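The values are calculated or read from the model by the stated rules, or taken from the named source; none is laboratory data. Being a predicted model, the structure only gives us computed values, none of them experimental. Glycine gets a Cβ as well: all are built from the backbone with ideal geometry, and neighbour counts include every protein chain shown. These area figures cover heavy atoms from the full protein model, side chains too; ligands, DNA and RNA do not enter into them. Shrake-Rupley method; radii C 1.70, N 1.55, O 1.52, S 1.80 Å.
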Amino acid sequence: ILEIKASITQRAEGTILEAKRDQGRGVVASIVQQRGILRKGDIIVAGSQWGKIRAIIDDKGKNCQELTPSCPAEILGINDVPVAGDELIVVESEARAREVSEYRKSVILKKKTTILSRANSMENILQNIKTGEKKLLSLIIKADALGSKEAIVSSLEKIGNEEVDVQVLLSGVGGITETDITLASSNEALVIGFNVRSDLQAKKLAKQQGVNIKYYSIIYEIFDEVRALLSGLLSPLEKEKFLGNATIKKVFKVSKVGKIAGCLVTEGVIKKGTKVRLLRDNVVVHAGDLDTLRRHTDEAKEVNQGMECGISIKDYNDIQENDVIECFNIESTPRKLEEKTN
């Protein structure tokens, strides 16, 4: 058994275990005291946040005036939600607490800016081109507690595949603010709020900028919604459907139109507005669109097997007798993002 000891005379220090915004109580942080004695009324800095302790509630739910090393407790009074793992220290004045807090916020903002710029760096762009440009769904996540936020972000980052993926631009605890909306607008991102709401200014700005905000109270609904959105980004499956063949019996030259192929439909059906291939000795010499389809002198929607018709191919005139025109359609089927089993 290690004989671990802590000083009770030095400046108080602890660690944030969990933090959330509680209605009626404000920001509530669960901590464990490690060194020194933490007292009610102390001015503290926790990560990039600061505050003056309004209350200390021990693990039995009792209000305390002070907290000694190795004791867990909840504290009230921090101005915003800190991150789990942040160190909590007592400082001498509010001015010093503000100074430390602002400096740490600027460092965090700089890191986020660097990460975003790297995400759009030339190296990544080239990599996307090489692998077949991956489509990204940009998100901003705001939640009511650190645990919820981390669970949402970690799960969302596992949803994508080699074609589509989620890019979390920002995640945090607390209500949706104007800063979140501005970031979403500049990056065409979707804002997701879990058990939180946007303030009045953020709502107005979102309406002006056309930013979509979605609110959730059930965590699994977020994953279903994001998976559906990613499925919409997937390229559809395209399948060719053969319609029919027509053999060119005679070629007619028509002024201001070009060459018209007088054909006999030998198989299936020829339909207007479809794709065609021109085959010469069973070799494809051209692929394009069917321009006009006529039955005698009238426009026709389709011509069936055994019937004669006139066909012109859009922007192509190099047709000869005995060439075969193959008619086909491309059918697109939407794809669905599959859930990962591992």
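Residues in segment 190-221 that are of a type outside the set (Phe, Trp, Tyr) and assigned to a helix (DSSP H, G or I): 200, 201, 202, 203, 204, 205, 206, 207, 208, 209, 219, 221. Scanning segment 274-288 for residues that are free of Cβ contacts under 8 Å to residues at least 24 places away in the same chain, within 40 Å of the chain's Cα centre (by Cα) and not in a strand (DSSP E or B) returns no hits. The number of residues in segment 219-248 being of a type in the set (A, V, I, L, M), in contact with a strand residue (DSSP E or B) (Cβ under 9 Å, 6 or more places away or on another chain) and either free of Cβ contacts under 8 Å to residues at least 60 places away in the same chain or surrounded by fewer than 13 Cβ atoms within 10 Å (Cβ to Cβ) (or both) comes to 1.
Conditions (1) out of contact with any Leu (no Cβ under 8 Å at 6 or more places or on another chain); (2) assigned to a loop (DSSP other than H, G, I, E, B); (3) in contact (Cβ under 8 Å) with a residue 24 or more places away in the chain; (4) surrounded by 17 or more Cβ atoms within 10 Å (Cβ to Cβ), marked per residue:
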| position | (1), (2), (3), (4) |
| --- | --- |
| 250 | yes, no, yes, no |
| 256 | yes, yes, no, no |
| 263 | yes, no, yes, yes |
| 270 | no, no, yes, yes |
| 290 | yes, no, yes, yes |
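Within segment 272-288, the residues that satisfy the criterion of being of a type in the set (D, E, K, R) and surrounded by 15 or more Cβ atoms within 10 Å (Cβ to Cβ) are 272, 275, 277, 280.
Look at segment 66-87: where a residue is touching a residue at least 60 places away in the same chain (Cβ under 8 Å) and part of a strand (DSSP E or B) and a partner is buried (at least 19 other Cβ atoms within 10 Å of the Cβ) and β-branched (Val, Ile, Thr), sitting 6+ places away or on another chain with Cβ atoms under 8 Å, you get 87/16. Within the set 52, 60, the sole residue that is open to solvent by 20 Å² or more (accessible area, probe 1.4 Å), part of a strand (DSSP E or B) and not aromatic (Phe, Trp, Tyr) turns out to be 52. Scanning segment 141-162 for residues that are of a type in the set (A, V, I, L, M, F, W, C) and either open to solvent by less than 10 Å² (accessible area, probe 1.4 Å) or assigned to a loop (DSSP other than H, G, I, E, B) (or both) gives 141, 143, 146, 152, 156, 159.
Between 165, 180, which is of a type in the set (D, E, K, R) and either open to solvent by 60 Å² or more (accessible area, probe 1.4 Å) or closer than 22 Å to residue 19 by Cα (or both)?
Matching residue, one of 165, 180: 180.
Evaluate segment 5-14: report whether one residue or more is without any contact (Cβ under 8 Å) to a residue 12 or more places away in the chain and of a type outside the set (Val, Ile, Thr). Yes, because at least one residue in segment 5-14 is without any contact (Cβ under 8 Å) to a residue 12 or more places away in the chain and of a type outside the set (Val, Ile, Thr). Against the criterion of being at pLDDT 90 or above and out of contact with any Ser or Thr (no Cβ under 8 Å at 6 or more places or on another chain), residue 24 does not qualify.
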